[in-house]
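Visitor: Attaching a single structure in C-alpha cells format; questions to follow.
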Amino acid sequence: MTHVSRLRRAAAAAALLAAGALPTTLALASPPTTPPVKGIGINVANIDPSVKPCDDFFHYASGNWLKNNPIPAAEVRWGSFNELADKNNATLRSILETAARDAGKAAKGSNAQKVGDFFASAMDSAAIDAAGLKYLQPHLAKIDAANDLAAMQRLLADPKAHVGGPWFGSYVGQDDKISSQYAVQFGQGGLSLPDRDYYLKDDARSKGIRTAYQGYLVNTFKLLGNDEATANANAATVQRIETRLAKASKSRVDLRDPYANYHKMSVAEFSKDYPNLNLPLMLKMQGLAAKEVIVGQPDFFKEVSTMLAAEPIADQKVYLKWQLTSSLTAALPKAFGDEAFKFTQVLSGAKKQQPRWKRMLQSTDRALGEAFGQLYVDKAFSPEAKARAKQMIENLRLAYAERIKATDWMSAGTKAEALKKLNAFTVKIGYPDKWKDYSSLNISRASYLDNVLASREWANADNLRRFGKPVDRMEWGMTPPTVNAYYNPSLNEIVFPAGILQSPFYDAKADDAVNYGGIGAVIGHEMTHGFDDQGRQYDATGNLRDWWTKEDGEKFNAKAAVVGKQFDAFMPLDSVHVNGKLTMGENLADLGGLTIAYAAFQKTPQAKGGQAIDGLTPAQRFFVSWAQVWHSNTRPEMTRQLILTDPHAPDQYRTIGPLQNMPEFYQAFGCTDGSKMMRAQTERAKIW
C-alpha cells in the first residue's frame, strides 16, 4: 500500500528504539508536540525491549510475559488460550454451582435441572467413593458374559452395551464425495496412548512411557479386584493387543490424505473383507438401513477382523474392561483417578492434578454442551458482539477475494472456482441458531457414572438419527464456551464460538490493529483452511473433488512444500524437530490468515492514518497483537507429546513462522538483511 513507504523510516526508528538499538537521547532530541497516545488491548509491559524484534519477535513481543507467567502446577502449558479459558471458567463455574444448588427447583427434564444434577453428581466425590464399583459392575458383567465370537459381535454391535468403540470408531457423517448425504463410516482406533508411535518407537523416552503405562495398567486391574499375578498378566494382554493395533494403524501424516482414507464399499464387500466384524448385525442393532459404508483404513480393519477370531475371548474381554474402566476414571473412587494422574505426569510433565470442579466443568460441557451453552450465552455473549464479528468476517472475505484475484500463479478457471468457494462459506458466530434437544436424556443425582453413560448413549443415538435424513447444516461441532474456532470442509463453513470472541482475541474497546492482529488473523486462519493442502481438495458445496488444473495444483504443492521445509527446521528441544508434514495445514492457515488479516487491516482508517499508540505504529501494533495472542510456556514433556500428536506447531513457531515470510513485517520493524527473523527472498513462502 502507498502509505507504507511514508511510514517506513518512522516505523524503523520506533522499532530500533523499542529494541534498545538507538540511544535514548535520540528520542529526547525531538520531543513530541502532543502527549503519547495510550491504547487498549496490547499490554506493552509484556514487551521485552532488550530483544530486537527483527531477531526474535516471539520474545520481543512477549518476553516479559513469558518470564512473569510460569506454568501453574496443575497445567502443562500456559498462554492466552488458557488465560481466556480460565476467565470463561469463572463464569461457567458460577453458572454450574447455581444450577446445582437450584436444580431441585427447576422443572424436571429442563436443561437447568439436567445441567445442575449432572454437575452435582460429578462433584459428589464422597458418594462416588462410597459406591465403589457398584455402578461399574453391571457393565463389567456384560463383558464377562460374552464367551464366544458371536457373543462378542453382539456386544460390540449393541449401542446400549457401553463398551464404546474399543477396536475402532464408527459413526454417521457426511459422505466426503456426496456432501448432501450422510453415510456410515469406520475409522481406526483402539489405542490408549496418545499415538501409535508410543507403542513402536525404541528410544529411551518411549520405552520409559511404556514401562509407566504397564504400571498404570497393573495398578488399575488391582483396583478392579485382581491379584498381583492376574493384574500383571492382564496388563501385558492390553499392551500386546494395543501394540498389534498400533502396528496396523496409519500415521497421523497419512491420515491427512482424504482420498487415501475414503473407501466406499457395499455391505456384502465389507462382510467379505472383514468377516468377523459382522456388519449386518451391527447395522441392524443400530437401526441403520445402509447398503454401503465408507472405510477409512482397510488394512487396519483386516487386522481387527483377524484379531477378533484369533485373540482368545478371555484376552478380548480383558481389553474391553480396560477400555471401559479407563474411560470412566473420574466416575470411580479416587484411587482410580490417582493412578491415571500418575501416568499423565509421565506423559505431560504435569505437577498437580487440576481441581475437580474444573475437570467436572469440562465433563459437563462434553455431556450437555448445548444445554450448558444456552445458560452461558445468556450471561456472557451479546448480540452486539455477534454483529461486530460478522462485519469483520465480511471485511476479511473481501480482502481474501482481492488476494485470490491478484495471484500470479493461478489460472483464471481455478481462480473462479476459488472465489466461488470463498463466497459460499457459511459463517457461524457465537452459538447455534437451533439448539440440540436433550429431552430424551435422563439425568439424576443418584450416580455420576450412570449420568456419563446415559449422556454417551444419548450422543450416539443423536448421531445415528442423522442417517437417511437431509444433512443438518445448522449443527455445530463445538460448544458455545469453547475458546477455539474451526473450518468444516464438508459443510464449507467457518465457525467461531462465543468463547473465543473475547480479549485478547477481540476487544470492542481496542483499536483495529489489535483486533485484526487477534481475531482477524483467527478468522483468516479458518478461511485459509478452505484452501490449505487438505481443505483445497473440497469444492464450494463440500464435495471431495479436484477443482484445480493440474498445473495449478502442482504450483500450490510446490509453494506449500516451502512452508513444510521451513517448519521441519524448527527445533523446540534438543533432537526434537517440528513435523512440517503433520503441521502443514495449520501452518498454511496461519500464513494465509495473517496475510489476509493484514490486507483487510490496511483498509481501516487507523492503518491509513498512521498514528502511533503506545509508541507503536498501526502496523507494529497489528504484529504485536498477533504475537501476544500466541505467547505461551509449555512443559518439555508436553512439547514432546505435542510434536508427535498435534497438527499445530509449537506457539513460538506459529508466531514467527508466518512473519518470516511477510515483507510487511520487515517494513513495519525496519528489518534489514542479516536479521535473524528475515529470510532470504528466495526462501520465503508466498501463496495468497
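The values are calculated or read from the model by the stated rules, or taken from the named source; none is laboratory data. Treat the numbers as computed from the prediction; the structure is a model and nothing was measured. As a convention, Cβ positions derive from the backbone with ideal geometry for all residues, glycine included, and neighbour counts pool all protein chains shown.
Visitor: Could you list, in sequence order, the residues of segment 68-96 that are assigned to a loop (DSSP other than H, G, I, E, B) and touching a Pro at 6+ places or on another chain (Cβ under 8 Å)?
Guide: Ala74 - this is the single residue of segment 68-96 that is assigned to a loop (DSSP other than H, G, I, E, B) and touching a Pro at 6+ places or on another chain (Cβ under 8 Å).
Visitor: OK, next. In segment 105-116, is there at least one residue being modelled with pLDDT under 95, among the polar types (S, T, N, Q) and crowded, with 18+ Cβ neighbours inside 10 Å?
Guide: Yes, segment 105-116 has at least one match.
Visitor: Here is a list of conditions, (1) free of Cβ contacts under 8 Å to residues at least 12 places away in the same chain; (2) on the phi > 0 side of the Ramachandran plot, and Gly610 meets all of them except one; can you say which number that is?
Guide: For Gly610, the failing item is (1).
Visitor: Here are the criteria: (1) over 27 Å from Gln362 (Cβ atoms); (2) surrounded by fewer than 19 Cβ atoms within 10 Å (Cβ to Cβ); (3) modelled with pLDDT of 90 or more; (4) within 30 Å of the chain's Cα centre (by Cα). Tell me which single one Ser50 does not satisfy.
Guide: It is condition (4) that Ser50 fails.
Visitor: Going by the conditions given, is Trp65 aromatic (Phe, Trp, Tyr) and outside any helix (DSSP H, G or I)?
Guide: Considered against the rule, which asks whether it is aromatic (Phe, Trp, Tyr) and outside any helix (DSSP H, G or I), Trp65 comes out as no.
Visitor: Just need a number here: residues in segment 445-477 that are buried (at least 17 other Cβ atoms within 10 Å of the Cβ) and either without any contact (Cβ under 8 Å) to a residue 40 or more places away in the chain or of a type in the set (Gly, Ala, Ser) (or both).
Guide: 4
Visitor: Also: Residue by residue through segment 190-210, note down the ones that are touching a helix residue (DSSP H, G or I) at 6+ places or on another chain (Cβ under 9 Å) and either without any contact (Cβ under 8 Å) to a residue 40 or more places away in the chain or loosely packed, with under 15 Cβ neighbours inside 10 Å (or both). So that I can check it myself, show each step before the final result.
Guide: From segment 190-210, those touching a helix residue (DSSP H, G or I) at 6+ places or on another chain (Cβ under 9 Å) are 190-201, 205-206, 208-210; that's our starting set.
Leu200, Lys201, Arg205, Ser206, Gly208, Arg210, listed by residue number.
Visitor: Pull up segment 279-294, narrow it to residues that are assigned to a loop (DSSP other than H, G, I, E, B) and in contact with a Ser or Thr (Cβ under 9 Å, 6 or more places away or on another chain), then point me to the one that is surrounded by the fewest Cβ atoms within 10 Å (Cβ to Cβ).
Guide: Going residue by residue through segment 279-294, those that are assigned to a loop (DSSP other than H, G, I, E, B) are 286-291.
With the extra rule that they be in contact with a Ser or Thr (Cβ under 9 Å, 6 or more places away or on another chain), the set shrinks to 286, 291.
Details: Gln286: 19, Lys291: 9.
Here the residue is Lys291.
Visitor: Does at least one position in segment 260-268 carry a residue that is closer than 27 Å to Thr541 by Cβ and in contact with a His (Cβ under 6 Å, 6 or more places away or on another chain)?
Guide: Looking through segment 260-268, none of the residues is closer than 27 Å to Thr541 by Cβ and in contact with a His (Cβ under 6 Å, 6 or more places away or on another chain).
Visitor: Moving to a separate point now. Which ones in segment 429-457 are more than 23 Å from the chain's Cα centre (by Cα) and assigned to a helix (DSSP H, G or I)?
Guide: Tyr448, Leu449, Asp450, Asn451, Leu453, Ala454, Glu457
Visitor: Please go through segment 211-240 and give me each residue that is touching a residue at least 24 places away in the same chain (Cβ under 8 Å) and among the polar types (S, T, N, Q), ordered by number.
Guide: Gln214, Asn219, Thr220, Asn234, Thr237, Gln239
Visitor: Sticking with this one: In the set Ala120, Ala146, Ala157, Ala99, which member is within 23 Å of Val318 (Cβ to Cβ), within 31 Å of the chain's Cα centre (by Cα) and touching a residue at least 24 places away in the same chain (Cβ under 8 Å)? Walk me through how you get there before you give the answer.
Guide: Details: Ala120 fails: within 23 Å of Val318 (Cβ to Cβ); Ala146 fails: within 31 Å of the chain's Cα centre (by Cα); Ala99 fails: within 23 Å of Val318 (Cβ to Cβ).
Only one candidate passes the filter, namely Ala157.
Visitor: Inspect segment 2-24 for any residue being modelled with pLDDT under 50, in contact with a strand residue (DSSP E or B) (Cβ under 8 Å, 6 or more places away or on another chain) and in a helix (DSSP H, G or I) and give the result as yes or no.
Guide: Checked segment 2-24: at least one residue is modelled with pLDDT under 50, in contact with a strand residue (DSSP E or B) (Cβ under 8 Å, 6 or more places away or on another chain) and in a helix (DSSP H, G or I).
Visitor: In this structure, is Ala103 closer than 30 Å to Asp378 by Cβ and of a type in the set (A, V, I, L, M, F, W, C)?
Guide: Taking the combined requirement at face value, the residue satisfies it.
Visitor: Would you check if there is a residue in segment 53-76 being within 27 Å of Gly369 (Cα to Cα), of a type in the set (Phe, Trp, Tyr) and under 26 Å from the mean Cα position of the chain (by Cα)?
Guide: no
Visitor: Taking Ala600 as the residue in question, decide whether it is aliphatic (A, V, I, L, M), in a loop (DSSP other than H, G, I, E, B), touching a residue at least 24 places away in the same chain (Cβ under 8 Å) and touching a helix residue (DSSP H, G or I) at 6+ places or on another chain (Cβ under 7 Å).
Guide: no
Visitor: For segment 640-666, what are the residues that are of a type in the set (Val, Ile, Thr) and over 16 Å from Asp568 (Cβ atoms)?
Guide: Going residue by residue through segment 640-666, those that are of a type in the set (Val, Ile, Thr) are 643, 645, 655-656.
Scanning segment 640-666 gives Thr645, Thr655.
Visitor: Can you pull out every residue in segment 193-226 that is part of a helix (DSSP H, G or I), within 17 Å of Thr645 (Cα to Cα) and of a type in the set (A, V, I, L, M)?
Guide: Across segment 193-226, the qualifying residues are Leu200, Ile209.
Visitor: In the list Lys565, Lys608, Lys555, which residue meets the criterion of being over 21 Å from Glu526 (Cβ atoms), of a type in the set (Lys, Arg), part of a helix (DSSP H, G or I) and in contact with a Phe, Trp or Tyr (Cβ under 7 Å, 6 or more places away or on another chain)?
Guide: Lys555
Visitor: Return the only residue of Gly542, Gly499, Gly520 being crowded, with 24+ Cβ neighbours inside 10 Å and on the phi > 0 side of the Ramachandran plot.
Guide: Gly542
Visitor: Another question, then. Of (1) surrounded by fewer than 18 Cβ atoms within 10 Å (Cβ to Cβ); (2) without any contact (Cβ under 8 Å) to a residue 40 or more places away in the chain; (3) of a type in the set (Gly, Ala, Ser), Gly63 satisfies all except one. Which?
Guide: Just one mismatch for Gly63, condition (1).
Visitor: Which residues, counting only those in segment 353-395, are out of contact with any helix residue (DSSP H, G or I) (no Cβ under 7 Å at 6 or more places or on another chain) and under 23 Å from Ala331 (Cβ atoms)?
Guide: Passing the criteria: Gln354, Pro355, Gln362, Arg366, Gly369, Glu370, Gly373.
Visitor: Checking the condition buried (at least 19 other Cβ atoms within 10 Å of the Cβ) and at pLDDT below 95, which residue from Val163, Val218, Val172, Val184 passes?
Guide: On inspection, the qualifying residue turns out to be Val163.
Visitor: Can I ask one more? Of all residues being hydroxyl-bearing (Ser, Thr, Tyr) and more than 28 Å from the chain's Cα centre (by Cα) in segment 644-681, which is nearest to Gly517 (Cα to Cα)? Just the residue, please. First the steps, then the outcome.
Guide: Let us first name the residues in segment 644-681 that are hydroxyl-bearing (Ser, Thr, Tyr), namely 645, 653, 655, 666, 672, 675.
Checking the rest, the ones that are also more than 28 Å from the chain's Cα centre (by Cα) come to 666, 672, 675.
Working: Tyr666: 16, Thr672: 23, Ser675: 23 Å.
By that ranking, first place goes to Tyr666.
Visitor: Tell me, yes or no, whether segment 368-383 has at least one residue that is closer than 25 Å to Ala521 by Cα and free of Cβ contacts under 8 Å to residues at least 40 places away in the same chain.
Guide: Yes: one or more hits.
Visitor: Now a separate question. From Ala231, Ala235, grab the single residue that is part of a helix (DSSP H, G or I), in contact with a Lys or Arg (Cβ under 6 Å, 6 or more places away or on another chain) and surrounded by 15 or more Cβ atoms within 10 Å (Cβ to Cβ).
Guide: Ala231
Visitor: Criterion first (of a type in the set (Ser, Thr, Tyr) and over 25 Å from Ile500 (Cβ atoms)) does Ser444 satisfy it?
Guide: Details: of a type in the set (Ser, Thr, Tyr): yes; over 25 Å from Ile500 (Cβ atoms): yes.
So Ser444 fits the description; yes.
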